Amino acid sequence: MEDMHIHLKDAIYDQSKFDMYVKKCIDVGIKKAVFLDHGNRISTKHIPVLSSKEAIDQFNKKIIRFRESKMSKEIEILKGIEIDYSNDLDFRSKTFKILKYGQFEWIVGAIHSIKFDNYSQYLEAILDMLNNYEINVIAHIKKTDEYEKYKDLFTKILKLCSKKNIAIEINTSDRSRWSDKQLYYMLELMENNNVNFVYSSDAHRYEDIGYMIRETKGKVEKWKKNK
Ligand SMILES: [Zn+2]
Ligand SMILES: [Zn+2]
């Protein structure tokens, strides 16, 4: 099992907490994980975590120490970051600086705190993100009951993902988990456009590591079998 989106919060600074996170992953059966947190944030209400050299240095130290430890034989952990998409050039350049300094192994591209008039505008912003940021995966594409209406835009996004080898996140958190119908719809579209997906709990709390991944993966595998 994989969990490609786990927020570390203060475990970035705290070695014993960091070790607890690793242990928890191993205990719930995760073989591959991405540890990350947010870079600079658009909303001032949100706290940036990986936005200073000091924080990134601390994170690096813990990743290096993990890789030298016995635990690294049981689980693979990538050094990640979740970035806020923005069309503001100053904000962008700060993000690019953080990315350059951090040399992250897994970059999660997310849209947060931007108000859109409609879902199409939101998807257009994702396209812009794909064109302007080097990311590995698109985080938590918003739930909608009208997913069929946006087939063309989804397809445009997926074609670009396929070309750039960018994956789609199947987010299993209660906040962002797609309905079963949307999940199957997206799986079909991803398959038709040769796009990979990853499972992500998007855990913001230690207890939520791996949350709902097994269940969701079960649905995906059943869907594949019944095709
Ligand atoms: Zn997010
Ligand atoms: Zn997140």
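From the backbone phi of the stretch 74-84, what are the Karplus-calculated ³J(HN,Hα) couplings (6.51 cos²θ - 1.76 cosθ + 1.60, θ = phi - 60°) in whole Hz, Gly and Pro given as x?
9, 8, 9, 10, 9, 8, x, 8, 10, 9, 8
Karplus couplings for the stretch 51-62 from phi (6.51 cos²θ - 1.76 cosθ + 1.60, θ = phi - 60°), rounded to Hz, Gly and Pro as x?
10, 10, 4, 4, 5, 5, 4, 4, 4, 4, 4, 6
Would you mind ranking Glu148, Glu169 by Cβ crowding within 10 Å, fewest neighbours first? Please list the in-between numbers first.
Values: Glu148 11, Glu169 22.
By the 10 Å Cβ count, ascending: Glu148, Glu169.
Counting alpha carbon pairs within less than 8 Å and at least 6 residues apart, what relative contact order, in whole percent, applies to the stretch 85-184?
Working: 82 pairs, mean separation 28.1, N = 100.
The normalised contact order for the stretch 85-184 reaches 28 percent.
So how far, in whole Å, is the C-alpha centre of the stretch 161-209 from the one of the stretch 108-147?
13
Picking from Ala139, Asn196, Phe154, whose Cα lies most toward the positive end of the charge dipole for the chain (charges on Cβ: Lys, Arg +1; Asp, Glu -1)?
Asn196
Have a look at Val28, Ile170, Leu89 and report the one farthest towards the positive end of the charge dipole of the chain, computed about the Cα centre with Cβ charges (Lys/Arg +1, Asp/Glu -1).
Looking along the dipole axis, the top candidate is Val28.
So what does the Cα-only Debye profile of the chain read at q = 0.08 Å⁻¹, as log10 I(q)/I(0), no solvent term?
Once normalised to I(0) and log-transformed, intensities are -0.28.
With θ set to phi - 60°, apply the Karplus curve 6.51 cos²θ - 1.76 cosθ + 1.60 along the stretch 98-110 and write out the HN-Hα couplings as whole Hz, x wherever there is a Gly or Pro.
With coefficients 6.51, -1.76 and 1.60, one gets 4, 5, 5, 5, x, 6, 6, 8, 8, 10, 9, x, 10 Hz.
Report the charge-dipole magnitude of the stretch 2-225 in Debye, nearest 20, computed about the Cα centre from +1 at each Lys and Arg Cβ and -1 at each Asp and Glu Cβ. Intermediate results must be reported in sequence, preceding the final value.
Values: 39 positive and 35 negative charges, 87 e Å.
Computed about the Cα centre, the dipole is about 420 debye.
List the residues whose amide H sits under 5 Å from the amide H of Phe197, counting only those 5 or more places along or on another chain, with H placed 1.01 Å from N in the peptide plane.
So Phe197 has HN proximity to Ile168.
The numbers here are math on the coordinates, done by the rules we state, and not lab data. Small disclaimer: the values here were computed from a predicted structure and weren't measured. No Cβ is skipped: glycine too gets one built from the backbone with ideal geometry, and neighbour counts run over all protein chains shown.
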